[in-house]
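Supplied in structure tokens, the structure appears directly below.
The values are calculated or read from the model by the stated rules, or taken from the named source; none is laboratory data. For clarity, every value in this text was computed on a predicted model and none was experimentally measured. Every residue, glycine as well, gets a Cβ built from its backbone with ideal geometry; the counts of neighbours run over all protein chains shown.
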Amino acid sequence: MFMAADDTRAWAGVRLFHHLVSRLDPASPHLPLNLHTVHTLVASRPALLTERSAARDALSEALEVLTSADVLTRDGRDQVAGLHYALRLADR
């Protein structure tokens, strides 16, 4: 059996989140894919930010590097804006 559990909520996504955030590098050719995946992961698992302050800090730092590097496409800027909004909601 390929998928062991039918309940996808059993998977928290913490390991993938840390892996992707550490790879939000402006020089990476995979930046658009990594950014999109982080955006989608946070949208489907908001607890990644609400339950983990270290994760919020790491994402915030990575987003600051991306916005200061001026390498983002329009979609990338929209995804960064969405992630900034998610960070603000998580700080409530």
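Mind checking which helices (runs of 4 or more DSSP H) fall wholly inside the stretch 1-80 and carry at least 1 residues that are small (Gly, Ala, Ser)?
Where helices (runs of 4 or more DSSP H) fall fully within the stretch 1-80 and carry at least 1 residues being small (Gly, Ala, Ser), they are 31-44, 47-50, 53-69.
Output the residues belonging to the stretch 76-92 that are in contact (Cβ under 8 Å) with a residue 40 or more places away in the chain, surrounded by fewer than 17 Cβ atoms within 10 Å (Cβ to Cβ) and in contact with a helix residue (DSSP H, G or I) (Cβ under 7 Å, 6 or more places away or on another chain).
GLY82
Restricting the search to the stretch 41-54, which residues are free of Cβ contacts under 8 Å to residues at least 40 places away in the same chain and either in contact with a helix residue (DSSP H, G or I) (Cβ under 8 Å, 6 or more places away or on another chain) or closer than 16 Å to LEU89 by Cβ (or both)? Break it down stepwise before answering.
Step one: of the stretch 41-54, the residues free of Cβ contacts under 8 Å to residues at least 40 places away in the same chain are 41, 44-45, 47-48, 51-54.
LEU41, SER44, ARG45, ALA47, LEU48, GLU51, ARG52, SER53 - these are the residues of the stretch 41-54 that are free of Cβ contacts under 8 Å to residues at least 40 places away in the same chain and either in contact with a helix residue (DSSP H, G or I) (Cβ under 8 Å, 6 or more places away or on another chain) or closer than 16 Å to LEU89 by Cβ (or both).
Hey, another quick one. Look at the stretch 38-70 and say how many of its residues are more than 26 Å from ALA10 (Cβ to Cβ) and surrounded by 19 or more Cβ atoms within 10 Å (Cβ to Cβ). Walk me through how you get there before you give the answer.
First, pick out the residues of the stretch 38-70 that are more than 26 Å from ALA10 (Cβ to Cβ): 57, 60-70.
Filter again for surrounded by 19 or more Cβ atoms within 10 Å (Cβ to Cβ), leaving 62-63, 66.
Matching residues across the stretch 38-70 total 3.
Turning to a different aspect of this structure: Taking the stated definitions as given, is THR73 among the hydroxyl-bearing types (Ser, Thr, Tyr) and either modelled with pLDDT under 95 or buried (at least 16 other Cβ atoms within 10 Å of the Cβ) (or both)?
Values: among the hydroxyl-bearing types (Ser, Thr, Tyr): yes; either modelled with pLDDT under 95 or buried (at least 16 other Cβ atoms within 10 Å of the Cβ) (or both): no.
In short, no.
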